[in-house]
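Working notes, beginning with the structure itself.
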Amino acid sequence: MLRLSLEHDGKRVCSVKIAGDFFMHPEESISLLEHGLKGTPLDESSLQERASSIVRENSIQLFGFAPADLAKAVMRAVSK
């Protein structure tokens, strides 16, 4: 399960908090992911690309979700 608290301006992510039933190593990497998504355009492709880049550049291991899942969750949150 992936839960998000999201603020946006209709075009870009302003802030995001990520929570849920998953693991990330190192654990403190969640803040890198949350901070790194700020300013990302609100389209699934851009969100997935940016999340994947953050994960790759910081050697983050994700267990229970993937960057594509995060991008989909953000887009669902925006549509509600």
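Data for the structure
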item: Those residues of the stretch 4-50 which are out of contact with any helix residue (DSSP H, G or I) (no Cβ under 8 Å at 6 or more places or on another chain) and in contact (Cβ under 8 Å) with a residue 40 or more places away in the chain, in sequence order; result: Gly20, Asp21, Phe22, Phe23
item: Residues that are assigned to a helix (DSSP H, G or I) and over 11 Å from the mean Cα position of the chain (by Cα), drawn from the stretch 30-45; result: Ser45
item: Qualifying positions in the stretch 55-80 - part of a helix (DSSP H, G or I) and within 12 Å of the chain's Cα centre (by Cα); result: Val55, Pro67, Ala68, Asp69, Leu70, Ala71, Lys72, Ala73, Val74, Met75, Ala77
item: Index of the failed condition, Glu7 passing every other in (1) surrounded by fewer than 16 Cβ atoms within 10 Å (Cβ to Cβ); (2) part of a loop (DSSP other than H, G, I, E, B); (3) of a type outside the set (Ser, Thr, Tyr); result: (2)
item: Candidate set from the stretch 10-29 (those that are part of a strand (DSSP E or B) and small (Gly, Ala, Ser)); member that is nearest to Gly64 (Cα to Cα); result: Gly20
item: Verdict on Ser52 being loosely packed, with under 12 Cβ neighbours inside 10 Å, at pLDDT 95 or above, under 13 Å from the mean Cα position of the chain (by Cα) and part of a helix (DSSP H, G or I); result: no
item: Long-range neighbours under 9 Å by Cβ, at least six apart or interchain, first residue closer than 16 Å to His25 by Cα within the stretch 57-78, second among the aromatic types (Phe, Trp, Tyr) and part of a strand (DSSP E or B); result: Gln61/Phe23; Leu62/Phe23; Phe63/Phe23; Gly64/Phe23
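The values are calculated or read from the model by the stated rules, or taken from the named source; none is laboratory data. Given the structure is predicted, the values throughout are model-derived calculations rather than measurements. Cβ sites come from the backbone with ideal geometry, for glycine too, and all protein chains shown count toward neighbours.
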